[in-house]
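Comments concern the structure below.
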Amino acid sequence: MTARLADIAAQAGVSEATVSRVLNGKQGVAAATREAVLAALDVLGYERPGRLRQRSEGLVGLITPELENPIFPAFAQVIGQALTRQGYTPVLATQTPGGSTEDELTGMLVDRGVTGIIFVSGLHADTTADPGRYERLRDRGVPFVLVGGYSPRVRAPFVSPDDRAAMRLAVTHLTSLGHERIGLALGPERFVPVQRKIEGFLPALQERLGVPPERAGEFVQHSLYTLEGGQAAAAALLDRGCTAVVCASDLMALGAVRAARQRGLEVPADVSVVGFDDSPLIAFTDPPLTTIRQPVSAMGQAAVRALLEEVGGTPAPHSEFVFLPELVVRGSTASCPTPVSHPGRTDAAQDPTEG
């Protein structure tokens, strides 16, 4: 039976235009109004469109780039718990090397009728990626929120840590300990969080140590967001005489500790290391890692609130919600050592990732 807009509108007490928006999955309709239209369909004996039947199940997709970095399971746990408390069922979709891409995972979630999607550190953070994929998702009527990495070309709510402030915290801490050659180890330059960390790090060096912009490049080393990437980047920075290394992730920081120990250097007696994230269990490494804590709980809950506002027809502002990080001082930073020679002691060095 073909539904007549006028009959449904009369039953629901709304305009025909509102009925049309609900049936076509458009945004801008309050949750109560949407439910009234769907209830009118049921009362009049009309079938709900397949898309609306599927989305009534309350599934919400969560796409992460990986799970090896412990910060992503931490986000998944916070977001999943927040969704469950609101009556939704989280569906975790993770990219793996050689496996499904973000676009393929998005397509699978949309085909299964998810109510919305939260992307954590997705392609939106890559300045070389095509932002059109998110516009196409919006055109299909699927609400979404993006965590980590802001793009003005995407109309959606963003949730991010203040990467610039994080670097200022790290540099201030290390200079207060007497360090004057501080390096920054981070991921590929095309990512927004990487660019922002540099934008915070270099001015902090200039302000605290008077490092001129033309020399700043020697204190920045790009690599991969892995333990091995941190090890390679830190090795390059140590070659340039750095006595402290700030890393863009805790995994990279563990790699920096390994690089120091392979040279017979002690952390923090000879080299100080600062991580980023405050991942679960990172307080129990050897030494316990000084790091910049991402406010994962506040960010995850904010992402869920923003998504549910989109789902409810009262979209959150298409802007960025920025959360201040926190410096957590532990055992991997100490006063700058006086210059001494350090004979190789790699045979006695202990890898921080080994028991």
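The values are calculated or read from the model by the stated rules, or taken from the named source; none is laboratory data. Every value quoted in this text rests on a predicted model; they were computed, and no experiment measured them. Counting neighbours? That spans all protein chains shown, and the Cβs are built from the backbone with ideal geometry, glycine included.
Points to keep in mind about this one:
- Any hit, the range 236-247, residues being at pLDDT 95 or above, part of a helix (DSSP H, G or I), under 17 Å from L174 (Cβ atoms) and not hydroxyl-bearing (S, T, Y): yes
- Any hit, the range 217-225, residues being free of Cβ contacts under 8 Å to residues at least 24 places away in the same chain, under 24 Å from D126 (Cβ atoms) and surrounded by fewer than 24 Cβ atoms within 10 Å (Cβ to Cβ): yes
- Per-region count, the range 226-268, residues of a type in the set (D, E) and surrounded by 22 or more Cβ atoms within 10 Å (Cβ to Cβ): 1
- The set of residues from the range 214-235 being farther than 12 Å from R181 by Cα, hydrophobic (A, V, I, L, M, F, W, C) and part of a helix (DSSP H, G or I) comprises L227, A232, A233, A234, A235.
- Scanning the range 324-333 for residues that are surrounded by fewer than 17 Cβ atoms within 10 Å (Cβ to Cβ) and of a type outside the set (A, V, I, L, M), we see that the one that is farthest from the chain's Cα centre (by Cα) is G331.
- Screening E135, E180, E189 for residues that are surrounded by fewer than 18 Cβ atoms within 10 Å (Cβ to Cβ) and under 14 Å from A248 (Cα atoms) leaves exactly one candidate, E189.
- Selected residue [basic (K, R), without any contact (Cβ under 8 Å) to a residue 60 or more places away in the chain and either within 30 Å of E310 (Cβ to Cβ) or not assigned by TED's automatic domain parsing to the domain that holds R34 (or both)] from R168, R181, R155: R168
- Just one of the listed residues (L137, L123, L146) is hydrophobic (A, V, I, L, M, F, W, C), at pLDDT below 95 and within 13 Å of the chain's Cα centre (by Cα), and it is L123.
For every residue, the table says whether it meets (1) closer than 25 Å to P188 by Cβ; (2) touching a residue at least 40 places away in the same chain (Cβ under 8 Å).
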residue	(1), (2)
T89	no, no
T101	yes, no
G107	no, no
R112	no, yes
G116	no, yes
F119	yes, yes
T128	yes, yes
P131	yes, no
Y134	yes, no
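- The single residue among P143, P161 that is in contact with a helix residue (DSSP H, G or I) (Cβ under 6 Å, 6 or more places away or on another chain) and touching a residue at least 60 places away in the same chain (Cβ under 8 Å) turns out to be P143.
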